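A short write-up of the structure that comes next.
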Amino acid sequence: MNAFTYELAQVNIGRLKAPLDSPQLKDFVEALDPVNAVADAADGFVWRLQSDSGDATDVAVFDDEWLIINMSTWRDANALTAFMYQGQHRELLARRRDWFERLEEAMVALWWVPAGHRPTVAEAEERILHLREHGPSAYAFTLRKSFPAGAV
């Protein structure tokens, strides 16, 4: 199979410092819809996890009400990083410590999925746990240590 038959899945989980409806998270919550709209229109964007609310802030992850999940699929790592480090998303990244606790364990994982596959929360949890236990591999990796599509 060639690389064009795969898409890059990413999951990013954060532990909130305060409830979503708190004044401390007001700027973050107000930025969700605009940033998601930018992602949806980004070159190379394929799909993102969302509930009926339009985002994924109410999607349970690791049975912990203080964790929120962001999960999406992209054409490749270049498309993902172009979105991550530009514009409004870059501004939010710069402020992430205002809203999220700093965690030692891996809370971000990437993996290749067959084109058209929509990863589940359970799949994302499994990839993060694998990354924590085994470090970066073709099964679950990071932007710093990535693997080519089809390497599993």
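The values are calculated or read from the model by the stated rules, or taken from the named source; none is laboratory data. The structure displayed is predicted, hence computed values, not measured ones. Cβ atoms come from the backbone with ideal geometry, glycine included; neighbour counts cover every protein chain shown. These area figures cover heavy atoms from the full protein model, side chains too; ligands, DNA and RNA do not enter into them. Shrake-Rupley method; radii C 1.70, N 1.55, O 1.52, S 1.80 Å.
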Which value results for Rg/Rh of the chain when Rg is the Cα radius of gyration and Rh the Kirkwood radius based on the inverse mean 1/r?
0.94
Spelling out what I want: for every residue of region 71-77, take phi, set θ = phi - 60°, compute 6.51 cos²θ - 1.76 cosθ + 1.60 (Karplus), and round to whole Hz; glycine and proline get x.
9, 7, 10, 9, 4, 6, 5
Measuring from the longest principal axis of the C-alpha atoms of the chain, the long axis of helix 26-41 (C-alpha) lies at a number of degrees, nearest 10, equal to 30
Could you work out what % of the accessible surface of the chain is carbon and sulfur, using a 1.4 angstrom probe and leaving DNA, RNA and ligands out of the count?
51
Just need the relative contact order of region 48-152 here, percent rounded to a whole number, with Cα pairs under 8 Å and 6+ apart.
18
What are the chymotrypsin sites (Phe, Trp or Tyr not before Pro) within region 105-143 that DSSP puts in a loop, where the Cβ has at most 11 other Cβ atoms within 10 Å?
none
In the P(r) worked out for region 1-66, what percent of Cα pairs fall beyond 14 Å?
68
Expressed as a whole-number percentage, the relative contact order of region 1-73 with C-alpha contacts under 8 angstrom and at least six residues apart is 42
Under unit Cβ charges (Lys, Arg +1; Asp, Glu -1), what dipole magnitude, rounded to 20 debye, does region 1-151 have relative to its Cα centre?
620
Heavy-atom accessible area per residue - the chain, 1.4 Å, Å²
57
Quick check on the chain: helices-only [θ] at 222 nm, where DSSP H runs of length 4 and up contribute -39,500 (n - 2.57) each and the sum goes over total residues. Nearest 500, please.
-9500 deg cm²/dmol
Suppose the chain between HIS117 and SER51 were pulled fully straight at 0.36 nm per residue; how much longer would it get relative to their current alpha carbon spacing?
22.0 nm
